[in-house]
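Quick notes on the structure that follows.
The values are calculated or read from the model by the stated rules, or taken from the named source; none is laboratory data. For clarity, every value in this text was computed on a predicted model and none was experimentally measured. A quick note on method: Cβ atoms are made from the backbone with ideal geometry, for glycine too, and the neighbour counts reach across all protein chains shown. These accessible areas exclude ligands, DNA and RNA; they are computed on the full protein's heavy atoms, side chains included. Shrake-Rupley method; radii C 1.70, N 1.55, O 1.52, S 1.80 Å.
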Amino acid sequence: MTNKQNSALTGLCAGIARRCAALLLASAGLFAGGMQSAHALPSFARQTGQDCAACHVGAYGPQLTPMGVRFKIGGYTDTDGKDGKIPLSGMLVGAFTHTKKKQDEAPTVHTDRNNNTTLDEASLFVAGRLAENLGAFIQWTYDGTEHHSALDHVDVRAAHTFDVGGKDTVFGISVNNNPGVQDPFNTMPVWGFPYTSSAVGFGGGDAATMINGGLEHRVIGASAYAFWDNSLYVEIGTYRALSQAIQADTGQHRSGDMGRLDGDTVYWRLAWMQDWKKQSFTAGVFGFDTAIQPDRLSGGPQNHYHDVGVDASYQFLGTRTHVGTIYTSYIHENQTRNDLFTKGEATNRTGHLNEFRINASYYFDQTWGVTAGRFVTRGSRDTLLYADGYANGSPNTTGSILQADWTPFGKEDSWGAPWANLRLGVQYTLFDKFNGARHNYDGNGRDAKDNNTLFLFAWTSF
Amino acid sequence: MDLVLKAMSLMKRRTTAPVRLLYGLCLMTLAGVTVPAHAAGDSHRGEDVFAQECAECHSVREGKNKKGPSLFAIVGRKAASIGDVVYSDALRQSGLTWNVASLDSYIAAPRKAVPNGKMKYDGLGDAKAREDLVAYLATLH
């Protein structure tokens, strides 16, 4: 459990009714600002016979090169043609987290208020080709900060390539448990920078859009997609909430149930990728529309979320000795909070939330990397919805992330390839504004910069 | 190709020049090899082209097969001839031997050169870049 999750649950205990309302929106922030799942899967390398560096910038996941994009769109099924590949992988993320000022409460019952050395993730994956046109990415994760395990990301795909007008066109279906987890471009929140972050520090503010992890692992959805001539990507799908029983069976906390999703929930994506080998470019738009009934009662009021985003990326790949990337996205969310308003948990029936992200990275020799990112979350004020832990009823948070990392393996001549994979990194997150203010955002004298988080990590997969 | 060169080296010591030339031509013909070596391209540039276009799937190390076969000593090699690689039926039945001309043609448009082949590469349209690339491949012995 992250500090933000802890904060939200503390608020829940302090005033049940109003906190339930806040939880609905803030829970999106719990995921958005909390630990970012991290993935780099040697089972893919073993299956294809390729090096990690072929599909991943910096020779480590999840930042995809155009080849990695094609592998994912192809349903994780591409192979070197040899039999006997077992689609299993494991991953460990160990970390040390220091915040500029110790937190008001320990982030979890198993951690301290500051200077935590933790096992952030221990994951097992079923990842790779299951049949000729069927592949999967299924992750089960043990969270060492909570001593709890749960089903993590799931993306099961069927895909086949047809000839359309003389051009290869991949048609596929993805069944997954998180809107955006199926996206291949590293610009949407699920797979965006930072690719790993502290489970017990601060990664962002508490408010986030619904597509930014708001329904993560609480839903199941299916989408159909097509990828024409390695360039044009289109996708449309829908989601349903998992029952509370299934959520519990898959290890999700009951308190985080979002409620029931309206039958008209829609996820859509349109993007263009231009792969010139030496460099590549993507640009796209995406959206997510849903209405949530928190109490799951038929006929009750709903909260509507209408998310629309634009995104773009550029990669200079060259001879792979010097690699540079830029990613950016902007998401606008319109909220109509009928349920929250009716229950007196929001001051305004309508509101909006905007998220802007941009980051740039440079990798030398697919080994040494630096990345700098900027995040801005801004939204309309609401003194009830953004009450405890927020200043002025504002969800606004801004800050920057700096990271340097070393990835010694994952190349053609690497020791232990393709079994040994490691990234060591240092990441620092700086806040200009947190939950509505630079200073005293929580009313107890805590400043935004007090949440500045130093995160040292060792991330390995096998 | 190595055998041809060794045979010609042996002939150098035991025959006159016109006979050596005749024998050499005969050996070349028997080996089914078009003289490849003097690819006109810049092999140094070709190494960069290789890194940009080919290295994700191919290694130049001897015996290192990735998704595609090792390209070590590719020039002079019969297509689909490495035992540890799963080739398409189309390439196995192509009867190709890799030389300057066949490599250039294949790299330019793989699916045109070998219909129903399995190499997922759209082709390198830049003739100069192909020339450099093939020149680099010709150095791999």
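Some observations on this one:
- A simple spin-label model places pseudo-atoms 7 Å from Cα toward Cβ; at A:Phe162 and A:Leu454 they are separated by 5.7 nm.
- Each part gets one Cα centre, and for segment A:408-438 versus segment A:379-395 those centres are 33 Å apart.
- Normalised by residue count, the protein assembly as shown yields a Cα convex hull volume of 139 Å³ per residue.
- Debye intensity ratio I(q)/I(0), log10, segment A:378-462, q values 0.12, 0.16, 0.17, 0.23 Å⁻¹ (C-alpha model): -0.53, -0.68, -0.71, -0.98
- Ordered from highest to lowest accessible area with the whole protein assembly present and a 1.4 Å probe, A:His98, B:His141 read as B:His141, A:His98.
- Euclidean distance between Cα centres, segment B:50-126 to segment A:152-228, Å: 34
- For segment A:288-376, the fraction of alpha-carbon pairs in successive 5 Å shells from zero, as %: 3, 12, 16, 13, 11, 9, 8, 8, 7, 6, 4, 1
- Segment A:189-233 - convex hull of the alpha-carbon atoms, volume per residue in Å³: 119
- Around the amide H of A:His153, modelled in the peptide plane, lie the amide H atoms of A:Gln139, all under 5 Å away and 5 or more residues distant in sequence or on another chain.
- On the basis of the beta-carbon distance and an R0 of 25 Å, A:Ala245 and A:Trp268 show a calculated FRET efficiency of 0.25.
- Look at where the Cα atoms of segment A:235-287 and of segment A:441-462 average out, and the two centres are 27 Å apart.
- Shielding score for B:55-66, defined as the mean number of other chain Cβ atoms within 10 Å: 4
- Sequence-distant lysines (8 or more away, or on other chains) whose Cα lies within less than 28 Å of A:Lys82: A:Lys72, A:Lys167, A:Lys277, A:Lys411, B:Lys64, B:Lys66, B:Lys67, B:Lys78, B:Lys112, B:Lys118, B:Lys120
- A:Trp272 accessible area, assembled protein chains, probe 1.4 Å, Å²: 100
- Accessible carbon and sulfur surface of chain A relative to its total accessible area, %, 1.4 Å: 61
- For B:Asn99, distant residues with modelled amide H under 5 Å away: B:Gly76
- Rg in Å to one decimal, and Dmax rounded to a whole Å, for segment B:43-138 via C-alpha atoms: 12.1, 34
- Per residue accessible area of the protein assembly as shown, 1.4 Å probe, in Å²: 41
- Subtracting the Cα-Cα distance of A:Arg374 and A:Glu412 from 0.36 nm times their residue separation leaves 10.4 nm of extension gain.
- From its DSSP helices (H runs of at least four residues, each -39,500 (n - 2.57)), chain A gives a residue-normalised ellipticity at 222 nm of -3500 deg cm²/dmol.
- ³J(HN,Hα) computed for each position of segment B:133-140 - Karplus, 6.51 cos²θ - 1.76 cosθ + 1.60, integer Hz, glycine/proline x: 4, 5, 4, 5, 4, 5, 7, 8
- For segment A:201-328, the alpha-carbon coordinates run over 56, 37, 25 Å along the three principal axes, in decreasing order.
- ³J(HN,Hα), Karplus 6.51/-1.76/1.60, whole Hz, each residue of segment A:378-390, x for Gly, Pro: 9, x, 6, 6, 7, 6, 8, 5, 10, 9, 4, x, 10
- Integer Hz, Karplus 6.51/-1.76/1.60 couplings in order for segment A:129-135, x for Gly and Pro: 6, 9, 8, 3, 10, 10, x
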